[in-house]
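The values are calculated or read from the model by the stated rules, or taken from the named source; none is laboratory data. Predicted model only: the values in this text are computed from it and were never measured. All Cβ positions, even for glycine, are placed from backbone atoms using ideal geometry, and neighbour counts span all protein chains on display. Note: accessible area is taken over every heavy atom of the protein model, side chains too, but ligands, DNA and RNA are not part of it. Shrake-Rupley method; radii C 1.70, N 1.55, O 1.52, S 1.80 Å.
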Amino acid sequence: MTLRYRGLKCGDAHRIAEIDRSETIERIYAVSEGTLTSMEARIESSGWDEKTTREMIERCSRELLAGGTAYGCFDGERLVGFGVLSGAFRGERRDRLAVDLMYVSSSYRRRGIGTRILRELAAVAADRGAAELYISSTETESAVSFYRDNGGELTPEIDAELFEKEPYDIHMVIKLQKEERKNGPGSGGDR
């Protein structure tokens, strides 16, 4: 397996359809009174249907056209992972950039691909002057654990617009300290 990483452009957005989003979800998380709790779920997620795939492609394109950044991982010619960083600053201090999309194909998870993509997006965010990455993570154990392993912490300052779009998501931030701005977020999480 020879993996290649590179930035994605609007013309690459259609490649999102190559991602295998399927997953067996054993546990999900919720936030109650500022505390993260988990519960058993046992859900088989078969992946995106045609409508959702179109929405993801449109969302990626929209973010790129609005000044966002996308980064992908390829195995040969196939896109196996990608992440999208929004171009719009958020938060009371306007010092946060949001990770808008982040997916790795099922058979490529836990190989460091997501962590590498997240680090690339964090470097771009830091270069643009962001102090934090804002994460609106799906509530699955795999997603929440990935972001927590990479330095994600629950945020008391929840972005109202993102919460309205995804009220069950787990809202976190990854602080971009000076040394992390050079090396990417967190130190763990080889996912």
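One line per residue, one yes/no per condition, for (1) farther than 22 Å from residue 174 by Cβ; (2) open to solvent by less than 40 Å² (accessible area, probe 1.4 Å); (3) not aliphatic (A, V, I, L, M):
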residue: 37; (1), (2), (3): no, no, yes
residue: 50; (1), (2), (3): yes, no, yes
residue: 58; (1), (2), (3): yes, no, yes
residue: 98; (1), (2), (3): no, yes, no
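Only one of the listed residues (70, 41) is open to solvent by less than 80 Å² (accessible area, probe 1.4 Å), among the small types (Gly, Ala, Ser) and modelled with pLDDT of 95 or more. That residue is 70. From the list 26, 63, the one residue that fits, being closer than 27 Å to residue 168 by Cβ, of a type in the set (D, E, K, R) and assigned to a strand (DSSP E or B), is 26. Say we look at segment 100-117 and pick out the residues that are in a loop (DSSP other than H, G, I, E, B) and not hydroxyl-bearing (Ser, Thr, Tyr); which of these is surrounded by the fewest Cβ atoms within 10 Å (Cβ to Cβ)? The selected residue is 110. For segment 73-96, filtering for residues that are open to solvent by less than 30 Å² (accessible area, probe 1.4 Å) and not in a loop (DSSP other than H, G, I, E, B) leaves 12.
One residue alone among 119, 111, 27, 93 is under 25 Å from residue 155 (Cα atoms) and touching an Asp or Glu at 6+ places or on another chain (Cβ under 8 Å), and that residue is 27. Taking the criterion of being part of a helix (DSSP H, G or I), open to solvent by 50 Å² or more (accessible area, probe 1.4 Å) and in contact with a strand residue (DSSP E or B) (Cβ under 8 Å, 6 or more places away or on another chain), the residues of segment 118-160 that qualify are 120, 141, 148.
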